[in-house]
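Structure first, then comments.
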Amino acid sequence: MERSDHRLVLDVVADADLTPGWLSVRVGDRSHDRLLAGYRSVDRLEVSPALGVARVGNDKTPPVSGVFTALGYLGEGEASIPLGQVPVRWSVAPWDEIAERDEDVKFAGVLDAASGIFSPAGAGPNPLRQYNANSVGNLRVTASVVGQEEVQDEAQLIVTVQRWNNPPLR
């Protein structure tokens, strides 16, 4: 447990017969009805951003990673309750037939299965790719709730080349 003027951190243990939904929290003479949600399972997952961009790089032009988060929800529709980030496993696959043919998953970089952070490959022509192409790619990033693998969401990740021009205004 941790407490300050503006923050309270608690260890909470829920009863086995918990009814999923909003739980009332009371600290001293203050209470709040929509501060803490209890749940047994995640009903819906939302990956953000829906479209991510990463850039290959080298020592002169650093790579730009793709960072994804997965937010869980209890219930569906307007009455759904946001649970915040929930434990997920991340995976990557080709976005389409062209990405599969070009083996983008093999060349574009690596997605950390625990964190959702994509580290792009090195820049420059890749002699292992057809036409010595750069290690760019068009990827599908999927998050699956740990223990509930059927609850998933996905996003698109474009892995592109470095930014060569650096205009004064963006």
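Every number in this text was worked out from the coordinates using simple rules, so none of it is lab data. Source: prediction; values computed, not measured. Every residue, glycine among them, receives a Cβ derived from its backbone with ideal geometry; neighbour counts consider all protein chains shown.
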**Report entry** Charge dipole (segment 1-80, unit charges on Cβ, about Cα centre) - positive-most of Val56, Gly66, Val9
**Finding:** Val56
Query raised in the report: To the nearest 20 debye, what charge dipole does segment 25-170 have about its Cα centre, counting +1 at the Cβ of each Lys and Arg and -1 at the Cβ of each Asp and Glu?
Result: 620
Report task. Please tell me the relative contact order of segment 1-107 in percent, rounded to the nearest whole number, where contacts are Cα pairs under 8 Å and at least six residues apart. Result -> 16
Query raised in the report: Asp29 versus Gln85, label points 7 Å from Cα toward the beta carbon: distance in nm?
Result: 3.7
**Report entry** Cα centroid separation, segment 106-170 to segment 56-98 (Å)
**Finding:** 11
Query raised in the report: Taking amide H positions as placed 1.01 Å from N in the peptide plane, with prolines and chain starts having none, which residues 5 or more places from Gly109, or on another chain, fall under 5 Å of its amide H?
Result: Ala121
Query raised in the report: Karplus couplings for segment 44-59 from phi (6.51 cos²θ - 1.76 cosθ + 1.60, θ = phi - 60°), rounded to Hz, Gly and Pro as x?
Result: 8, 10, 9, 8, 9, x, 5, 9, x, 10, 10, 10, 5, x, 8, 5
